1. Evaluate the relative contact order of segment B:1-134 (contact order divided by residue number), counting alpha-carbon pairs under 8 angstrom at least 6 apart; express in whole percent.
2. Using 0.36 nm per residue of separation minus the Cα-Cα distance, give me the extension gain between B:Ala6 and B:Gln39 in nm, one decimal.
3. With a 10 Å cut-off between alpha carbons and a GNM built on chain B, which of B:Ile96, B:Ile83, B:Ile29 moves the most?
4. From the label point of A:His117, set 7 Å along Cα to the beta carbon, how far off in nm is each other copy's matching point, shortest first?
5. Where both partners of a DSSP beta bridge lie in chain B, what percent of those bridges are antiparallel, to the nearest 5?
6. How large is the accessible surface per residue of segment A:1-134, computed with a 1.4 Å probe and reported in Å² as a whole number?
7. Provide the net charge surrounding A:Met1, with neighbours chosen by a C-beta distance below 14 Å and charges set as Lys +1, Arg +1, Asp -1, Glu -1.
8. If you rotate chain A onto chain B, whose Cβ in A ends up lying nearest the axis, and how many Å away is it?
2 protein chains.
Amino acid sequence: MQIALAEAQAAAERGEVPVGAVVVLGGTIIARAGNETRQNNDPTAHAEIVAIRRACEVLGQERLPGADLYVTLEPCAMCAAAISFARIRRLYFGAIDEKGGGVEHGARFYSQPTCHHAPEVYSGIGDIASTNLLRGFFRGKRDL
Amino acid sequence: MQIALAEAQAAAERGEVPVGAVVVLGGTIIARAGNETRQNNDPTAHAEIVAIRRACEVLGQERLPGADLYVTLEPCAMCAAAISFARIRRLYFGAIDEKGGGVEHGARFYSQPTCHHAPEVYSGIGDIASTNLLRGFFRGKRDL
């Protein structure tokens, strides 16, 4: 999660909403990413999506069975579904996201009958550091 | 929708689940795509995601206000959320997807308090042709 937080910090420095994600398989980091929506003009380039796409590219496979994903913020519905499609084994996330989350809020994707693979979910890891990064980022935006 | 169906047909010929999508803005096709999950080893490369990413790239912008999306199958939760993030104005889709849909089934993303932009939704357009493509594809798979 420390590396995911470092990716979130790096995202903030690029002017992106500070969220970071890391894909780990067998104790090895396969891919790491921060949000890239602005720099790439890509509304789907959330940290989780970018990290999953990179990990699949690195491994040359469409799915990531046995891999775990660490992300600093509760995934939205888009990312929650992508994590399911990638067959991620365990999802560790930091802060909850009441406004946009799709795991413990809103769509609650893993509880739906349309979800055909749910990862084990562990939340609250590094949540204070994650929240502080997000708060600092949006406070800075308001002060501009 | 005829062009989206042609993209779905082309996807089937590549061995991909036959779903196609088209982004239209001001009467002009900005991007068209079929599923590319297998050929790209990318579980996020659903037709809608690929078409939205291409349209954003073509226009050099992160969002597509005023644009409409035509897709042959009810979007899943991942794509429904991506359509929202892209600020798509109108979503036209073909067949419903009871097992995996995220608009009228499961996550019902546009009805959630975590959804901050919902497109107008029109369904059932070209649904018989879409369903026939999907049925033919999966029947062919079973017969292999």
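The values are calculated or read from the model by the stated rules, or taken from the named source; none is laboratory data. Because the structure is predicted, anything quoted here is derived from the model rather than measured. FYI the Cβ positions are ideal-geometry reconstructions off the backbone, even for glycines, and counts take in every protein chain you see. Only protein heavy atoms, including side chains, enter the accessible area calculation; ligands, DNA and RNA are left aside. Shrake-Rupley method; radii C 1.70, N 1.55, O 1.52, S 1.80 Å.
1. Over segment B:1-134, the number comes to 22 percent.
2. Result: 10.1 nm gained on full extension.
3. Most flexible of the set in this elastic network: B:Ile29.
4. 3.1
5. Bridges in chain B that DSSP calls antiparallel: roughly 55 percent.
6. Each residue of segment A:1-134 exposes 39 Å² on average to a 1.4 Å probe.
7. That sum, taken over residues with Cβ under 14 Å, equals -3.
8. Whole-Å result, nearest residue of chain A to the axis: A:Ala107, 2.
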